[in-house]
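> Pasting in a structure now, in structure tokens, and then I'll have a few things to ask.
No lab work stands behind these numbers, since they all come straight from the coordinates. Predicted model, so just to flag it, every value in this text is computed and none were measured. All Cβ positions, glycine included, derive from the backbone under ideal geometry; neighbour counts span all protein chains shown.
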Amino acid sequence: MRPPPALPRLRAMGHDTTLTADSTPRLSGDLAVWFFILAELLAFGVFFAAYAFARMRHRELFDAGQALLDRNTGALNTILLLSGSALVVRAVQGNQRGEGRRSARWMLGAMACGLLFVGLKASEYAAAFAAGISLSSSLFHMFYLSLTFFHFMHVILGLVVLAVLWQGLRQDRYRQDANPLESGAAYWHMVDLVWLILFPLVYVIH
Amino acid sequence: MQYKSQAVAKPYFVAAIGLFVGQIVFGLIMGLQYVVGDFLFPALPFNVARMVHTNLLIVWLLFGFMGAAYYMVPEESETELYSPKLALAMFWVFLVAGALTIVGYLFVPYATLAQMTGNDILATMGREFLEQPLLTKIGIVVVALVFLFNISMTMLKGRKTAISMVLLLGLWGLAIFFLFSFYNPHNLVKDKYYWWWVVHLWVEGVWELILGALLAFVLIKVTGVDREVIEKWLYVIITLTLVTGIIGTGHHYYWIGAPEYWQWWGSVFSALEPIPFFAMTIFAFNMVNRRRREHPNKAATLWALGTGVMAFLGAGVWGFLHTLAPVNYYTHGSQITAAHGHMAFYGAYVMVVLTLISYAMPILRGRAANSPKAQVLEMWSFWLMTIAMVFITLFLTAAGILQVWLQRISDTPLGFMATQDQVSLFYWMREAAGVMFMIGLVVYIVSFFVKGDKVAEA
Amino acid sequence: MSSTEHAHGTPLRTLCLWSALVGATLATLFLGERGGSLMAVALLLIAILKGSVVALEFMALRHAGMLWCGLVIGWLLLVCSLIAFAYWKGA
């Protein structure tokens, strides 16, 4: 089957979805990735609201469970994620100035922050499991484990993304087209963004 | 047709449409039995009609998926099918096995059928949607494995595209999760738990991958939009599908004896299941708006857009209606479930198979698209069937709401059968909408036989 | 490509924002010793501020137009208000 010739007017419209229009507003990263980020935010949002409303009806239970958590580790994890995000921004800035290869080290720094987060969280889980805590222990522990683990999986996925970007930067692949770099960076920031609510919600506010 | 071996898709499509007619006939019979309880009794009891209705649906969709894969994979892989002969042989094996099973359901008492087919050796029968005798189940596995072998070998020797990889992932998942139909533990909780691994992980998991891949394939063909753009959306859609769909299995675990946390996990994640369907709708319309060519097959484009919208409404919105645990506590197993089931199956799977048939059949018959006259008729059938399905869904939803109220919420609750009497008006209206659906299906079939000027050479 | 050039700010700007975010995290940690509905609202406000910095600056949404700013900041506000509502009612 042979396709009929394309219409010129429509060809002009058939550009990519990445919103690289000449007008000033510009989304940093791919539209499809941003759609995905919005879906993720919605998922976390629903989970956060569910936590808050479940707590409304079981205040003592939630406060007692929360008191057993180590707030300092939570804060340290927050700082690690924030630092990771800032380092990713530095890598993006470096790439924009045409120093892709040199800015790979910023990406490596961001990955180190992510890995430390994973290590701290893993030790937190190890302690919790050693204490016999499971999803069925209490409503609070169900939420604590579910929310943090769902986030934990996102950190791991984010680390995979960062590793790919690090490799790409080392080969200076984003000089012409920063779209993959910016898309991956936006995803990593999203992982940070949800933790900024998760931390006070689960660890601090009582 | 770019590759000769794509022609094996044709008998699969013909069989699919034939069995589709059978499914609707039994649907109409059952619809009448809802209100005229002894209609065709004792020759055809309600439970048998229901089993035939649902089993035919699954079998004809499988025929449709296999035909679609046989059509699509050679074109995507840019090579002939590994073995067209094997594909045709499996077609006859599957058709004969399917026909014998239906004949068995209709003319042999179910218990006798179980005895005849070795259910004593390995008990797998008697569970909703998985009623097939052991021999049929083994037949399905054999056909599926040979089919997957054929498709996988074709892909291995040719070009590997994201779309065909997603399709293959979906098809392998379909085969693998079907294996849980052989696991039938005595513990009722476990029984139900793993039963959903077939039923839910099919329709809210791997089948959605097949749906996404088929839709993406047709959209590339009819819009001419860059493959890169389409694949990007496909990746986003399947990731969202898998995350929400797999954990969303929990929305079936609320009341079967599984741990309580499933009420939370199931509610949260299944509430997000509409998102991938929404993405699919946006995707379909976006791609058609950005089209770089005017494909002569307007009917196929209409089916593709319809799939996006109806899948979102039926699977997404109607699923969301009763997926939250506190709501489902009241609506579980009511006519609201039936409403959701009808529109979701039609909107997602029936329509995507018809989309592919609509696109591929003219090419298989030697032309790029059917004559305008035939296409107009096909579009009529689209609207007749789709609007009929909207009405079926609305009437069943009304019946369901009334049922939940009278039977479960009211201060003076009625019994099940007394409630059924109260909602019979809606069942009559549903039956009328069902007749309209049947008319649409007849128009659809007639559209294949309408001659006219050829639009373009194939 | 001038808008791309400055979308992610300068390294100095990033350093300042990072310091502010770390400071806010420490503030959350120390303020959080105390409980109560008012403190809950205060901590949520800090979270909104921190989230806005990440969204507008790090994700460069301040250059992405009203729609995207609105979607992400709106999400932040909506989620935090729902939490605040639940904590207020539950107090």
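> Provide Rg and Dmax in Å for chain A, with only Cα atoms included in the calculation.
For chain A, the Cα radius of gyration and maximum Cα-Cα distance read 20.9, 70 Å.
> Once the Cβ-Cβ distance between B:Phe448 and B:Asp38 is put in as r, and R0 is 35 Å, what FRET efficiency do you end up with, to the nearest 0.05?
Between B:Phe448 and B:Asp38 the formula returns 0.40.
> What chymotrypsin sites (Phe, Trp or Tyr not before Pro) in region B:13-54 are in a loop by DSSP, with at most 16 other Cβ atoms within 10 Å of the Cβ?
Hits after loop and neighbour filter: B:Phe39.
> Additional query: Determine Rg/Rh for the protein assembly as shown; Rg is computed over alpha-carbon atoms and Rh is the Kirkwood hydrodynamic estimate from the same atoms.
Dividing the radius of gyration by the Kirkwood radius yields 0.99.
> Give me the mean projected area, in nm² to one decimal, of the convex hull enclosing the Cα positions of chain C.
Value for chain C: 6.4 nm².
> Sort out for me the Cα centre separation of region B:58-99 from region B:246-267, rounded to whole Å.
36 Å
> A follow-up question, please. State, to one decimal in nm², a quarter of the convex hull surface area for the C-alpha atoms of chain B, i.e. the direction-averaged projected area.
21.0 nm²
> Expressed as a rounded percentage, what relative contact order does region B:208-458 have, with Cα pairs under 8 Å and six or more residues apart?
Reported as a whole number, the value is 20 percent.
> Just flag the trypsin sites (Lys or Arg not before Pro) in chain C sitting in loop per DSSP whose Cβ has no more than 15 other Cβ atoms within 10 Å.
Taking chain C and a limit of 15 other Cβ atoms within 10 Å, the loop trypsin sites (Lys or Arg not before Pro) found are C:Arg34.
> Between the alpha-carbon centers of region B:406-434 and region B:149-216, tell me the distance in whole angstrom.
Centre-to-centre (Cα) distance: 37 Å.
> So what is Rg over Rh here for region B:395-448, counting just Cα atoms and using Kirkwood for Rh?
1.25
> Suppose the chain between A:Val164 and A:Thr24 were pulled fully straight at 0.36 nm per residue; how much longer would it get relative to their current alpha carbon spacing?
Between A:Val164 and A:Thr24, full extension yields 47.5 nm more.
> From other protein chains only, count the Cβ atoms within 10 Å of every residue's Cβ in C:11-24, then give the mean.
4
> Give me the lysines in straight-line cross-link reach of B:Lys190: C-alpha distance below 25 Å, same-chain residues under 8 apart excluded.
B:Lys137
> What is the local net charge at B:Leu240, summed over the other residues whose Cβ is closer than 11 Å to its Cβ (Lys, Arg +1; Asp, Glu -1)?
So the environment of B:Leu240 carries a net charge of -3.
> While we're here: Two decimals is fine: what is log10 I(q)/I(0) at q = 0.15, 0.17 Å⁻¹ for region B:208-458, from a Debye sum with one equal scatterer on every Cα and no solvent?
The Debye formula, applied to the Cα set alone, gives -1.05, -1.21.
> I would also like to ask the following. Based only on the alpha carbon positions, what is the Kirkwood hydrodynamic radius of region B:1-160, in angstrom?
Over region B:1-160, the inverse of the mean reciprocal pair distance is 17.0 Å.
> What net charge is computed for the residues neighbouring B:Val48, neighbours being all others with C-beta under 15 Å from the C-beta of B:Val48, Lys and Arg scored +1, Asp and Glu -1?
Around B:Val48, the surrounding residues sum to -2.
> Shifting gears a bit: What are the extents of the Cα atoms of region B:7-47 along their three principal axes, listed from largest to smallest and rounded to whole Å?
Here the spans come out as 45, 16, 12 Å, largest first.
> May I ask you to compute the full-extension gain from B:Leu394 to B:Ile256, defined as 0.36 nm times their residue separation minus their alpha-carbon distance, rounded to one decimal in nm?
My answer for the length gained is 46.9 nm.
> Per DSSP helix of 4 or more residues, -39500 (n - 2.57); summed, then divided by the residues of chain B. What does that give at 222 nm, rounded to the nearest 500?
That comes out to -23500 deg cm²/dmol.
> Follow-up. Relative contact order for chain B using alpha-carbon pairs under 8 Å, separation at least 6, rounded to a whole percent?
Reported as a whole number, the value is 14 percent.
> Just to check I understand the Karplus step: with θ = phi - 60° and J = 6.51 cos²θ - 1.76 cosθ + 1.60, what whole-Hz values come out for region B:361-378, glycine and proline as x?
4, x, 5, 5, 9, x, 8, 5, 7, 6, 5, x, 4, 5, 5, 4, 5, 5
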